[in-house]
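Q: Before anything else, here's the structure in question.
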Number of protein chains: 2
Amino acid sequence: MTMSNCNEFCPVARANDVLGGKWTTLIIRDLLPGKKRYSELQRSLVGISPRMLAQRLAKLEGAGLIVKTIYPTVPPKTEYELSNIGRKAENIIAAMAEFGATLGEG
Amino acid sequence: MTMSNCNEFCPVARANDVLGGKWTTLIIRDLLPGKKRYSELQRSLVGISPRMLAQRLAKLEGAGLIVKTIYPTVPPKTEYELSNIGRKAENIIAAMAEFGATLGEG
């Protein structure tokens with residue numbers, strides 16, 4: 001595992017490309033307990049715009065980290081869940097939670 | 001440790017506020033082996049603009065994750081190193097490296 005200085009294709013940079021944007025890790029955090037509807041994510045992620053949420057979900061889906069299921073109900077119901085790849089990001093979220101807890105409330 | 005659904009002040013969100021921007025985790029990765037000069041960071045972070053690097057370093061310094069030392073030489077030499085707080089982010093970088101390695105080259 002290479003953690004030190006390496007070029008833009010190093011593993012940390014690859015993870016950063018997928019997870020680096022604002023909200024992305026928070027979406028994964030919200031999906032760790034299980035699948036969620038779009039509206040549940042919107043409620044949980046206080047301050048995110050519908051456009052931003054849709055963009056982030058599409059990016060994570062494109063990168064293979066989440067799976068979207070559309071149920072043919074009226075109105076249609078859309079659910080998101082982590083893929084096997086997405087679930088591997090759990091260690092990052094756990095390390096972030098641990099680090100964040102040491103930062104205090106400030 | 002709270003990892004699941006929580007409000008914007010939860011530990012994951014706090015870590016995200018500090019580490020979430022593009023390049024931020026890569027700067028910390030570069031500083032893990034030890035202190036570096038501004039020019040070394042600029043060379044390592046292929047594609048970063050001087051303005052963006054300065055902004056990110058200032059943000060990390062403001063958050064207490066890195067320490068900047070200016071040596072009164074001619075010309076002045078500036079070095080950056082991780083603080084004790086910044087060093088605690090190592091687990092996140094390690095988890096990102098592990099995750100990034102599983103993403104393949106694509």
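Readers should treat all values here as calculations from the given coordinates under stated rules, not as data from a laboratory. Because the structure is predicted, anything quoted here is derived from the model rather than measured. All Cβ positions, even for glycine, are placed from backbone atoms using ideal geometry, and neighbour counts span all protein chains on display.
Q: To the nearest whole number, what is the average tally of beta carbon atoms from other chains within 10 Å of the beta carbons of peptide B:21-34?
A: On the way: counts 3, 5, 3, 2, 7, 8, 0, 1, 10, 4, 2, 4, 3, 1.
Per-residue shielding by partner chains comes out at 4.
Q: Of the cross-linked pairs B:LYS22/B:LYS88; A:LYS35/A:LYS59; A:LYS22/B:LYS35; A:LYS22/B:LYS59; A:LYS59/A:LYS88; A:LYS22/A:LYS88, which ones have a Cα-Cα span greater than 22 Å in the structure shown? Mind showing how you got there, number by number?
A: Values: B:LYS22/B:LYS88 19 Å; A:LYS35/A:LYS59 17 Å; A:LYS22/B:LYS35 28 Å; A:LYS22/B:LYS59 15 Å; A:LYS59/A:LYS88 17 Å; A:LYS22/A:LYS88 19 Å.
Pairs exceeding the cut-off: A:LYS22/B:LYS35.
Q: By Cβ position, which chain A residue lies least far from the axis that rotates chain A onto chain B, and what is the distance to the nearest whole angstrom?
A: Closest to the rotation axis on chain A: A:ALA95, 2.
Q: If you don't mind, another one. Hey, in the GNM for chain B with a 10 angstrom Cα cutoff, which one of B:GLY86, B:GLY64, B:GLY21 fluctuates hardest?
A: B:GLY21
Q: Can you put B:THR78, B:THR73 in order, fewest other beta carbons within 10 Å first?
A: B:THR73, B:THR78
Q: Sticking with this structure for a sec: Distances longer than 17 Å among the Cα atoms of the range A:11-102: what percent of all pairs is that?
A: Working: 2010 of 4186 pairs.
In whole percent, the share of Cα-Cα pairs in the range A:11-102 beyond 17 Å is 48.
Q: Between A:TYR38, A:TYR80, A:TYR71, which gets the highest mean-square fluctuation from a Gaussian network model of chain A, Cα cutoff 10 Å?
A: Sorting by GNM fluctuation, first place goes to A:TYR71.
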